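Beneath this line is the structure, given in structure tokens, with notes to follow.
The values are calculated or read from the model by the stated rules, or taken from the named source; none is laboratory data. On a predicted model such as this, the values are computed, not experimentally measured, just so you know. We place every Cβ from the backbone using ideal geometry, glycine too, and count neighbours over all the protein chains shown. What goes into the accessible areas is simple: the full protein's heavy atoms, side chains included, and nothing from ligands, DNA or RNA. Shrake-Rupley method; radii C 1.70, N 1.55, O 1.52, S 1.80 Å.
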Amino acid sequence: MKTFKSFVGALMLLTIGCSTSIDSTPKKSQFVAEMKRATDHHSFSKPEEAITTHLKWDAKVDFDRRQITATATYTIQASANANRLLLDSRDLDIHGVTVDGVESRFELGPTRPFLGQPLSIPVTSETQKVSVSYTTSPNAAAFLWVEGDAPFLFTQSQAILARTWVPCQDSPGIRFTYEAHVEVPSDLMALMSAVNPTEKSKNGHYDFVMEQPIPSYLLALAVGDVEFRSVGEHTGVYATSDLIDAAQFEFSEMEDMLVAAEELYGKYAWERYDLLVLPAAFPFGGMENPRLTFATPTIIAGDRSLVSLVAHELAHSWSGNLVTNATWDDFWLNEGFTVYFEQRIMEAVYGRDISEMLSTLSYQGLVDEVDAIMDVNPNDTHLRLHLKDRDPDDGMTAIAYDKGYFFLRLLEETVGRQAFDAFLKTYFTTHAFQVMDTDLFLEYLNTHLLNTSRLRDQVNVSAWVDGKGLPPNCPQVSSDRIERVDAALNAWIQGETTSDELPWSDWLYQERYRFLSNLPDNTEASRLAELDAAWDINSTGNNEVLFAWLEQSVRSQYTPAYERLRSFLVEVGRRKFLTPIYQGLVETGQADFAREIYKEARPNYHSVATGTMDALLAAHE
Ligand code: BES
Ligand code: ZN
């Protein structure tokens, strides 16, 4: 980090030339500048020796064996005294390597937890192409294979799972363009984070190009029996036939969001923005794979009430995909900026009332999480993380997202929206297709926004970035609608309002969620029965509301909800829902029930979810 800092000035000089239009061609000078990059503890690659600039991926997908057999051919730039190219790999069966067409030896180093193995290939400063032939493991952590009548395969590469399906320099600071040829069963469509087909091919062969350089964590592949529907000039949805109509309706405002986003922070750099609805086993809500967001079907509510997730993934097209966190310690630069941008898109498209409700929920989630983390590992409440020797997944907490959001909101409130918007727009344009780390951002912030000591004192950046918990100058949110919900909840708790007197049917999802998630832990099952009788909550089609309801049903041991609970846990693999529910079960003495459900559900979950749930249930053996 120290050596890096002294080069910040040089790096900024290099970037001054391209402040107006976005240029995605990898520059030779960028390679030199990037040799002084921050160290990424989650990658074996040594970009200062040799760096990959383009990937040609030739692959065949075998559903029966749950394997992909592929050849990854890299164009590389090696430094003057380079003698090896280091790639990350994990659970790959490497058949052979060629260097500029000639068969070469290669070496796989020792396996490290999370990180896998370094793959070292001898090169010289003259080497141009390195090719690796390999087969993935049936247990490759990035994949989820769905069997049955609707076979499906999807990948999840972030944070460091790309290396389980493509040997690569699996570090967010290293960008490359790619092209791919993929063969899949002829009744299925293949899609990638690239230019995509809108129809199935006759023979199951598909070609892809991604012309803009991307980091490896944005490599993505999905294979399934999906159809495409356009929802706007630059936007569309892919889903299986049972969901395509619902998806088209739910996401029909994507083009409006795209227009709003461009108005805020500059031109969209990826030409198209499409969304793929994945099987319910997808472990996340959404993943910002460039040109093609991957999304959970659990956001299809029938009333477009959960589309802030789309605003979020769309916002990543700037924060993350265009200006990318240098290492997973800088994750807040991806997610905090994205939550801020998401809220601004929501405000622009749906109004301040809605966005302030969302901010209020975000604040509550943050306060709860800060409390929880302070008990375990207080340093994890810093925006800047220290994840060396840990799974980068540990950084996926409300800190990066919501503390990051409130930090940017503080900046906005300190300098005024106009100045802050101008700052952000220039920030994205100036650093497009580049790497950003926390020090570099703070340098940029002090130069371009907080340029007086009065402003710097007011914000107190270090308390946010390297300090614990929530600083006292955290912005206040206020939402009249949420305040009215809180009042109604209080009256209901005191017995002044009965369940059928609640304005449930007037409430939006955010209000219903607020009500349910703030029920006291010790609420009697009989009171949940009243709520259920009045509003049939157990049958809600909104999965966020259902989640809050099921979580409380567990805490109150409201057994009539248990069948729904079981089917939800078996069908849905979204970790954000699973963790609190399984946690609630074990904490209320229902660990056996939890394990019984988990036994049935586990085969349907992705490794990201089983990793967390295995640990959670093992801790309560
Ligand atoms: N990029 C993240 C998902 C992610 C982060 C995957 C870290 C692996 C490691 C994505 O943009 C995201 O934040 N998804 C959220 C939804 C969002 C609305 C907060 C999710 O899936 O919960
Ligand atoms: Zn995100």
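What number of residues within region 336-352 are more than 10 Å from ligand 2 (Cβ to nearest atom), in contact (Cβ under 8 Å) with a residue 12 or more places away in the chain and within 17 Å of L306 (Cβ to Cβ)?
4
Looking at this structure, is V376 more than 16 Å from ligand 2 (Cβ to nearest atom), β-branched (V, I, T) and either touching a residue at least 40 places away in the same chain (Cβ under 8 Å) or touching a helix residue (DSSP H, G or I) at 6+ places or on another chain (Cβ under 9 Å) (or both)? Outline the logic, then answer.
Working: more than 16 Å from ligand 2 (Cβ to nearest atom): yes; β-branched (V, I, T): yes; either touching a residue at least 40 places away in the same chain (Cβ under 8 Å) or touching a helix residue (DSSP H, G or I) at 6+ places or on another chain (Cβ under 9 Å) (or both): no.
Against the criterion (more than 16 Å from ligand 2 (Cβ to nearest atom), β-branched (V, I, T) and either touching a residue at least 40 places away in the same chain (Cβ under 8 Å) or touching a helix residue (DSSP H, G or I) at 6+ places or on another chain (Cβ under 9 Å) (or both)), V376 does not qualify.
So which residues in region 280-294 are out of contact with any Pro (no Cβ under 7 Å at 6 or more places or on another chain) and more than 9 Å from ligand 1 (Cβ to nearest atom), if there are any at all?
Of everything in region 280-294, those that are out of contact with any Pro (no Cβ under 7 Å at 6 or more places or on another chain) and more than 9 Å from ligand 1 (Cβ to nearest atom) turn out to be A281, N289, P290, R291, L292, F294.
Considering I244, I214, which residue is within 16 Å of ligand 2 (Cβ to nearest atom), on the phi < 0 side of the Ramachandran plot and open to solvent by less than 10 Å² (accessible area, probe 1.4 Å)?
Within the list I244, I214, the selection yields I214.
Looking at A601, A594, A609, A618 in this structure, which one is of a type outside the set (F, W, Y) and surrounded by fewer than 17 Cβ atoms within 10 Å (Cβ to Cβ)?
Selected residue: A618, the only one of A601, A594, A609, A618 that is of a type outside the set (F, W, Y) and surrounded by fewer than 17 Cβ atoms within 10 Å (Cβ to Cβ).
What are the residues in region 304-331 that are touching a Gly at 6+ places or on another chain (Cβ under 8 Å) and within 14 Å of ligand 2 (Cβ to nearest atom), if any?
Within region 304-331, L309, V310, H312, E313, W318, T324, W328, F331 qualify.
Which one of these is of a type in the set (V, I, T), buried (at least 17 other Cβ atoms within 10 Å of the Cβ) and not in a strand (DSSP E or B): T127, T98, T69? Write out each step before concluding.
Details: T98 fails: not in a strand (DSSP E or B); T69 fails: not in a strand (DSSP E or B).
So the residue among T127, T98, T69 that is of a type in the set (V, I, T), buried (at least 17 other Cβ atoms within 10 Å of the Cβ) and not in a strand (DSSP E or B) is T127.
Would you check which residues across region 340-362 are basic (K, R) and more than 18 Å from L258 (Cβ to Cβ) and list them?
Here is the first cut: in region 340-362, the residues basic (K, R) are 344, 352.
Matches in region 340-362: R352 only.
Quick one: how many residues across region 538-571 are among the polar types (S, T, N, Q) and within 18 Å of A281 (Cβ to Cβ)?
Result for region 538-571: 2.
Would you point out the residue of region 326-338, among those that are farther than 16 Å from E262 by Cα and near ligand 1 (Cβ under 10 Å from one of its atoms), that is surrounded by the fewest Cβ atoms within 10 Å (Cβ to Cβ)?
N334
Look through R514, R555 and report the one residue that is of a type in the set (K, R), at pLDDT 95 or above and closer than 18 Å to G584 by Cβ.
Details: R514 fails: closer than 18 Å to G584 by Cβ.
That would be R555, the only listed residue that is of a type in the set (K, R), at pLDDT 95 or above and closer than 18 Å to G584 by Cβ.
Of all residues in region 128-172, how many are closer than 25 Å to V277 by Cβ and among the hydroxyl-bearing types (S, T, Y)?
So the count comes out to 4.
Are there helices (runs of 4 or more DSSP H) fully within region 470-584 with at least 1 residues that are in contact with a Leu (Cβ under 9 Å, 6 or more places away or on another chain), among the aromatic types (F, W, Y) and in contact (Cβ under 8 Å) with a residue 60 or more places away in the chain? List them.
509-517
Is it the case, given these coordinates, that A618 is small (G, A, S) and closer than 21 Å to S505 by Cβ?
no
Among residues belonging to region 305-325 that are more than 9 Å from ligand 1 (Cβ to nearest atom) and hydroxyl-bearing (S, T, Y), point out the one that is most open to solvent (accessible area, probe 1.4 Å).
Applying the filter and picking the extreme gives S305.
Identify, please: which residue in region 282-292 is within 20 Å of F577 (Cα to Cα) and within 13 Å of ligand 2 (Cβ to nearest atom) and is, among those, surrounded by the most Cβ atoms within 10 Å (Cβ to Cβ)?
M287
Please enumerate the residues belonging to region 217-239 that are among the hydroxyl-bearing types (S, T, Y) and touching a Phe, Trp or Tyr at 6+ places or on another chain (Cβ under 8 Å).
T235, Y238
Within region 295-304, how many residues turn out to be within 16 Å of ligand 1 (Cβ to nearest atom) and in a loop (DSSP other than H, G, I, E, B)? Show your work before the answer.
The first filter runs over region 295-304 and keeps only residues within 16 Å of ligand 1 (Cβ to nearest atom), leaving 295-301, 304.
Still in the running and in a loop (DSSP other than H, G, I, E, B): 296, 300-301, 304.
Final tally of qualifying residues: 4.
Does any residue of region 361-381 turn out to be more than 30 Å from D486 (Cα to Cα) and in a loop (DSSP other than H, G, I, E, B)?
yes
What tally of residues in region 293-303 results from selecting those that are within 14 Å of ligand 2 (Cβ to nearest atom) and open to solvent by 10 Å² or more (accessible area, probe 1.4 Å)?
Matching residues across region 293-303 total 0.
Just checking: which of the strands (runs of 3 or more DSSP E) contained wholly in region 178-287 hold 1 or more residues that are modelled with pLDDT of 95 or more and small (G, A, S)?
189-192, 221-224, 226-230, 235-240
Is there any pair linking a residue in region 314-327 that is at positive phi to one that is within 11 Å of ligand 1 (Cβ to nearest atom), with Cβ under 7 Å and at least six apart or on different chains, and which?
G320/E288; G320/N334; G320/T338
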